Protein chains: 2
Amino acid sequence: MAGKDLPVSPLALPLPELPPVPGVSLGSGRAAIRYTTREDVTMMVFPQGTTVAGVFTKNKCPGAPVDWCRAALAGGKARALVVTAGNSNVFTGKAGRQTCADTAAAMAQLAGCKPKEVFLASTGVIGEKLPTEKLVAALPGLFGALGDDGWQGAARAIMTTDTFPKGATRTARIGDATVTVSGIAKGSGMIAPDMATMLCFLATDAKIPAPVLQKILAKGSDRSFNCVTVDSDTSTSDTVLMFATGATKHARVPAEGGAMLKDFTRAVHEVLMDLALMVARDGEGAQKLIQIDVTGAVSAKSAHRIAMSIANSPLVKTAIAGEDANWGRIVMAVGKAGEPADRDKLSVAVGGTWMAREGGVVAGYDETPVVAHMKGREVMIEVDIGLGRGKARVWTCDLTHGYIDINGSYRS
Amino acid sequence: MAGKDLPVSPLALPLPELPPVPGVSLGSGRAAIRYTTREDVTMMVFPQGTTVAGVFTKNKCPGAPVDWCRAALAGGKARALVVTAGNSNVFTGKAGRQTCADTAAAMAQLAGCKPKEVFLASTGVIGEKLPTEKLVAALPGLFGALGDDGWQGAARAIMTTDTFPKGATRTARIGDATVTVSGIAKGSGMIAPDMATMLCFLATDAKIPAPVLQKILAKGSDRSFNCVTVDSDTSTSDTVLMFATGATKHARVPAEGGAMLKDFTRAVHEVLMDLALMVARDGEGAQKLIQIDVTGAVSAKSAHRIAMSIANSPLVKTAIAGEDANWGRIVMAVGKAGEPADRDKLSVAVGGTWMAREGGVVAGYDETPVVAHMKGREVMIEVDIGLGRGKARVWTCDLTHGYIDINGSYRS
């Protein structure tokens, strides 16, 4: 990375128009923390009363900004967000904690809030001290130039090895009012199960109590980011934050949320799913997006584990890169998940063609549609375990020479 | 694969001379099951009274030969072994079970034993019916040409994507007698933790009760093959079998084994370790052998899990391929193991140079020896967790373009 130009993923989607979210002022600029020829700092400022929710990596060695956000989240209130790209401020010891404290203090002074109402996120190289002075020095200029139309720029400024910017937006009805839910994300490697994944920031103009917002965000992350894997590696910085400004008036949302948030919940989950799939599409070196459906497992949890075992198997992912519908490796990956499975009840389909059924190859199945399907950009794998009713759907990408190229020289 | 010529691994070791093991007659030949230009069947025949031990894959969808061996092992007696390369007889349903029964019956007739005294192993493509007739037809010729000097040929005939043959031998004292322990192995991908790994066959002329032999083999496999990983994938065929012919007279080994087998146990474990490291050295696409030592974990089990998390991390393995001592990724891999770890107590060394200590980079550490170490063929990583006394050592190889080349076109 470090400003290296990677070819844009062939699976890239265009960045949609991201309209202003009432209450959110944002902008991006240059602090030259690591990248010297592009924007690398993003700022958002929110009005008083803004609530916040967050989901973080389950990595046991998280970065200092993750610790900072976890502590700040306890208050449930947010007034500002500062994101840096190029240096993750991870494994930087006391200096890293000081960077967080100093950045939050400087931002709080600008925004007229408490440091604990400032949220922080960083991605990039691990173990190098983040030059706090450069970051703090960049904040006033950035603050002076905030606007409501900075979403496109922010989607770009948070990128690291990403090859395209990622954004999504929806509107939702709460009572008689229409609110907006918009989000941006970055991430193209170190995407793995059971964690909140890379950096993702959502904002809405709805007024939602923090505990309700947290519940909606956590469930949505489970169904989206936690169903996407690129290389099974779990970043130390992964953060999903959502801010609700309350700038648009609507019927009061009760503390327990409830039915009136059904459409809002749908919108949040759709934005999260859009962003999660964009991350899979930008998997380092990805040439194909892979969707894996597991049915017939003993439980939904078991199905999810089996699906992730397939999605993380280097042998499955290289076979798909080679456009080989090697269902034998899929069977292997089912078996290595350690979940209940019976070889003789297992069925496997690729691109809708069942190649193996109940423990053996389907005699005389037509390879033609399978071969054609494997040549495409999107590959669908279906596995029926034949034991129960548990099901799961996850996404990943293929494992190609591009992954080795990118990760064999990340710091160079 | 399928006869494709891969360049020999730069980490290859020469095949040592493998002397006859009294009691073992063996040979290899051609059945043209898949490979048509090389030997692909290996046979061993043992005298009456030969005991057997076995360790198998933990994959829940094992091949038919694994099921066959598990059942046969209950008898504790062995008279013959038939190994095929090129087709794994996995996920072949009833036909696969029939292949096992037919092969064992044919072999039993030749050897004058019961079918349940015949052991079987196959590796290669999954999900294609193994042409039983070809295999059975090849057995009599092979049986007629058995000798005691076929170890070198057998080491070659069991190979699939291996780029060099793997063998090891030791002698050991039992009382006043000297016995031999020899072994051959194949495997260069789908090597993963918590299983018996690829194919490995050991034989000795000692007379060891089957339960004692089983205990020695299981412990040795745990310390060797279960500490080696190439790509985290767990094969459906992995099998380690050990045969004890009892052809050399020595003091009677009691049912509980005990102190008189100390030197014999050492020899078995050394042979297993030699073979396991050869497998790591032949990891698909491997350019560097990586040794990972974890100390200071809360338990040995926890240390092993952390070490395996590092060894299986694609980001760590690609960094090493790129000769980048990226200890940040090592920290990430420690954290993702899910085991107790405290970022601020963690230390990381590469090639004996401590780059990070107690949660931060070591100020002014000398990069010169680290850079030199990374350019070598053998890379040593040390991680101290700083919490307890649990330790573990595992091995893996780097993740290179070669892995993608080999596995992106395995069936083509």
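The values are calculated or read from the model by the stated rules, or taken from the named source; none is laboratory data. From a predicted model like this one, the values you see are computed outputs, not experimental measurements. As a convention, Cβ positions derive from the backbone with ideal geometry for all residues, glycine included, and neighbour counts pool all protein chains shown. We work out accessible area using only protein heavy atoms, side chains counted, and drop any ligands, DNA or RNA first. Shrake-Rupley method; radii C 1.70, N 1.55, O 1.52, S 1.80 Å.
In debye, nearest 20: dipole of the range A:220-295 around its Cα centre with unit charges on the Cβ of K, R (+) and D, E (-)? Before the final figure, lay out the partial values.
Details: 7 positive and 11 negative charges, 98 e Å.
That gives a dipole near 480 debye.
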Degrees between helix B:210-223 axis and first principal axis of chain B (Cα, 0 to 90, nearest 10): 30
A:Lys345 paired with A:Asp149, simple spin-label distance in nm, labels 7 Å along Cα-to-beta-carbon: 6.0
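Can you check what the net charge comes to around A:Arg266, using other residues whose Cβ is under 15 Å from the Cβ of A:Arg266 (Lys, Arg +1; Asp, Glu -1)?
Details: positive: A:Arg170, A:Arg173, A:Lys215, A:Lys219, A:Arg223, A:Lys262; negative: A:Asp263, A:Glu270, A:Asp274.
Overall, the nearby charge balance is +3.
Given a 1.4 Å probe and every protein chain left where it sits, what share in percent of the accessible area of chain B is carbon and sulfur? Mind showing how you got there, number by number?
Values: 7550 of 14230 Å².
Within chain B, the accessible surface is 53 percent carbon and sulfur.
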For A:Asp149, label point 7 Å along C-beta direction: distances to other copies, nm: 8.8
Overall form of the protein assembly as shown per C-alpha gyration tensor (a/c, 1.5; a/b vs b/c): prolate
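Considering only protein heavy atoms, with the full assembly of protein chains and a 1.4 angstrom probe, order B:Leu399, A:Leu6 by accessible area, largest first. Walk me through the numbers before you get to the answer.
Numbers: B:Leu399 15, A:Leu6 50 Å².
From most accessible down to least: A:Leu6, B:Leu399.
In the neighborhood of A:Ser182, defined by Cβ-to-Cβ distances under 14 Å, what is the net charge if each Lys or Arg adds +1 and each Asp or Glu adds -1?
Working: positive: A:Lys166, A:Arg170; negative: A:Glu17, A:Asp148, A:Asp149, A:Asp205, A:Glu270, A:Asp274.
Here the count lands on -4.
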Rounded to 10°, Cα long-axis angle of helix A:262-281 versus longest principal axis of chain A: 70
Cut-off under 5 Å, modelled amide H: who pairs with B:Lys207 long-range: B:Gly246
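With both partners inside the range B:289-407, how many of the DSSP beta bridges are antiparallel, as a percent to the nearest 5? It would help to have the intermediate numbers written out before the result.
On the way: 16 of 23 bridges.
Within the range B:289-407, antiparallel bridges account for around 70 percent of the total.
Give me the percent relative contact order of the range B:289-407, please, defined on Cα pairs under 8 angstrom at least 6 residues apart. Intermediate values should be presented prior to the final figure.
Values: 247 pairs, mean separation 54.7, N = 119.
Contact order relative to length: 46 percent.
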Label distances, nm, B:Thr36 versus same residue in remaining copies, Cβ-directed 7 Å point: 6.1
Calculated label separations, B:Pro14, copies of the chain, 7 Å along the beta-carbon direction, nm: 6.6
Listed residue (B:Val370, A:Met107, A:Gly86) projecting farthest to the positive dipole end of the protein assembly as shown, Cβ model: A:Met107
Backbone HN-Hα couplings from phi across the range B:360-370 [Karplus 6.51/-1.76/1.60, Hz, Gly and Pro as x]: x, 5, 6, 4, x, 5, 7, 6, 3, x, 5
DSSP-defined antiparallel bridges as percent of all bridges, chain A, nearest 5: 70
Angle in degrees between helix B:300-311 and the longest Cα principal axis of chain B, rounded to the nearest 10: 80
Two-site label geometry, B:Thr171 and B:Glu17: point separation in nm, points 7 Å out along Cα→Cβ: 1.2
³J(HN,Hα) computed for each position of the range A:109-115 - Karplus, 6.51 cos²θ - 1.76 cosθ + 1.60, integer Hz, glycine/proline x: 5, 5, 7, x, 9, 7, x
In Å², nearest 10: area of A:Met273 left accessible to a 1.4 Å probe: 50
Largest-first ordering by accessible area, 1.4 Å probe, given options B:Met355, B:Met380, B:Met159, B:Met260: B:Met380, B:Met260, B:Met159, B:Met355
Distance histogram in 10 Å bins (all Cα pairs of the range B:25-281, percent per bin): 8, 34, 39, 17, 2, 0
For the axis carrying chain A to chain B: nearest C-beta residue of A, whole Å: A:His401, 3
Residue-averaged beta-carbon neighbours from other chains (10 angstrom radius) around B:400-406: 5
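Assuming a ≥ b ≥ c are the square roots of the Cα gyration tensor eigenvalues, decide whether the range A:289-407 counts as rounded (a/c under 1.5), prolate (otherwise, with a/b larger than b/c) or oblate.
The shape class here is oblate.
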DSSP-defined antiparallel bridges as percent of all bridges, the protein assembly as shown, nearest 5: 70
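Relative to the present Cα-Cα distance, how much length would full extension add between A:Arg393 and A:Met380 at 0.36 nm per residue of separation? The partial results should precede the final answer.
On the way: separation 13, 0.36 × 13 = 4.68 nm, distance 1.05 nm.
Extra length from A:Arg393 to A:Met380 when fully extended: 3.6 nm.
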Averaged over B:83-93, number of beta-carbon atoms from partner chains that fall within 10 Å: 3
Within-13-Å neighbourhood charge of B:His401 [Cβ basis; K, R +1; D, E -1]: -3
The range B:289-407: Lys pairs at Cα distance under 24 angstrom, eight or more positions apart or on different chains: 11
Expected 222 nm ellipticity per residue - DSSP helices of 4 or more, -39500 (n - 2.57), all of chain A, to 500: -9500 deg cm²/dmol
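Calculate the FRET efficiency for A:Arg266 and A:Trp354 from the Cβ-Cβ distance with a Förster distance of 35 Å, rounded to the nearest 0.05. Could the numbers behind the result be given before it?
Working: r = 33 Å, r/R0 = 0.94.
So the FRET efficiency works out to roughly 0.60.
Determine the relative contact order of chain B: mean sequence separation of Cα pairs under 8 Å and six or more apart, normalised by residue count, in whole percent. Intermediate values should be presented prior to the final figure.
Numbers: 1067 pairs, mean separation 75.0, N = 412.
Taking the mean separation of contacting Cα pairs over the length of chain B, I get 18 percent.
Leaving ligands and nucleic acids out of the surface, order B:Arg156, A:Arg79, A:Arg30 by accessible area at 1.4 Å, largest first. Could you put the intermediate results ahead of the total?
Numbers: B:Arg156 125, A:Arg79 35, A:Arg30 150 Å².
So the residues, ranked largest to smallest area, are A:Arg30, B:Arg156, A:Arg79.
As an exercise, use a Förster radius of 25 Å and the Cβ-Cβ distance of A:Thr178 and A:Asp222 to find the FRET efficiency, rounded to the nearest 0.05.
Working: r = 27 Å, r/R0 = 1.07.
Efficiency at R0 = 25 Å is approximately 0.40.
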